[in-house]
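Structure record follows, encoded as structure tokens.
The values are calculated or read from the model by the stated rules, or taken from the named source; none is laboratory data. Source: prediction; values computed, not measured. Ideal geometry is used to build each Cβ from the backbone, glycine not excepted, and the neighbour counts take in all protein chains shown.
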Amino acid sequence: MLEAKNLVYEYKDGSQRLRVLDGVSLSLQAGKSLCIVGPSGSGKSTLLYLLAGLRVPASGSVLFRGRPLEAMSSKERARLRARDFGFVFQQHFLVKHLTVMENIFVSAHKPNRDTLAYARHLVERLGLGGLEHRFPAELSGGQRQRVALARALVNRPAILFADEPTASLDPDSSANLMQLLREVRGETALIMVTHDTRLLDQFDRTVELIDGKLRQVAKRVS
């Protein structure tokens, strides 16, 4: 469903050009989960943004269902992200003056009765029942991140992109969020960047980014 071919990404630092990604290739099948790990500053988030069409590579290609993202206009990529992609970040980025339900429903691609019903379903499945009319300031950090997860899933995206979504949570809240994510994402594929090595066994596949290149990480044998 998603494929990256020989991605190269560089940025300018003074008179130098620094190569962050150097010929990165990977693929993701529908409904599967992929974890990206690596040292701080290795380019994990940059790779995630390239895969989601938020940035364009210097060379190489990202294909979603066979269509190269870099060949699309910025408006086409924006429509694709709104329709087929969901996003969860380390910070929840909730709108302070909107309630829980309003924060979830505001991102609905099709704001109709079916989407509203699904938003209510996510609220219950994520343990937010009874909090629909509260504002972000009235929630715990874990609750706010669950609202952000519901917002990301309300359109039933093909792929959920998650950039360190558990980094600001305590271990119990982090484990709870991952458990809920497994339960509610259904057929949505998942690509997550994380530093938390305790989470790696929860993914179908893990890759490590070092010196601009990827290597496969073997699953631990219990």
Residues that are in contact with a helix residue (DSSP H, G or I) (Cβ under 9 Å, 6 or more places away or on another chain), of a type in the set (Asp, Glu), more than 19 Å from Phe93 (Cβ to Cβ) and surrounded by fewer than 15 Cβ atoms within 10 Å (Cβ to Cβ): does segment 201-219 have at least one?
no
Taking Arg146, is it under 28 Å from Phe64 (Cα atoms), part of a helix (DSSP H, G or I) and of a type in the set (Lys, Arg)?
yes
Looking at the structure I just gave you, is Arg198 assigned to a helix (DSSP H, G or I), under 29 Å from Tyr118 (Cα atoms) and among the charged types (D, E, K, R)?
no
Considering only residues that are closer than 24 Å to Thr194 by Cα and in contact (Cβ under 8 Å) with a residue 60 or more places away in the chain, which ones fall in segment 51-67?
Leu51, Ala52, Val62, Leu63, Phe64
The condition from (1) more than 21 Å from the chain's Cα centre (by Cα); (2) within 19 Å of His97 (Cβ to Cβ) that Leu116 misses is numbered (2)
Filter segment 166-207 for residues that are closer than 17 Å to Ser40 by Cα, out of contact with any Lys or Arg (no Cβ under 9 Å at 6 or more places or on another chain) and modelled with pLDDT of 90 or more and give the result.
Met192
Kindly list the number of the only condition in (1) in contact with a helix residue (DSSP H, G or I) (Cβ under 8 Å, 6 or more places away or on another chain); (2) at pLDDT below 95; (3) small (Gly, Ala, Ser) that fails for Gly14.
(1)
Counting only residues that are small (Gly, Ala, Ser), in contact (Cβ under 8 Å) with a residue 12 or more places away in the chain and assigned to a loop (DSSP other than H, G, I, E, B), segment 126-139 contains a total of 1
Across segment 91-125, which residue is farthest from Ser45 (Cα to Cα) among those that are outside any helix (DSSP H, G or I) and of a type in the set (Gly, Ala, Ser)?
Ala108
Condition broken by Arg151, with the remaining ones in (1) under 26 Å from Leu34 (Cβ atoms); (2) out of contact with any helix residue (DSSP H, G or I) (no Cβ under 7 Å at 6 or more places or on another chain); (3) of a type outside the set (Asp, Glu) satisfied:
(2)
Condition broken by Ala148, with the remaining ones in (1) free of Cβ contacts under 8 Å to residues at least 40 places away in the same chain; (2) crowded, with 19+ Cβ neighbours inside 10 Å; (3) small (Gly, Ala, Ser) satisfied:
(1)
Answer residue from segment 76-119, given it is among the basic types (Lys, Arg) and surrounded by 15 or more Cβ atoms within 10 Å (Cβ to Cβ) and is farthest from Thr166 (Cα to Cα) among those
Arg77
Please indicate, with yes or no, whether at least one residue in segment 68-82 is of a type outside the set (Lys, Arg) and touching a residue at least 40 places away in the same chain (Cβ under 8 Å).
yes
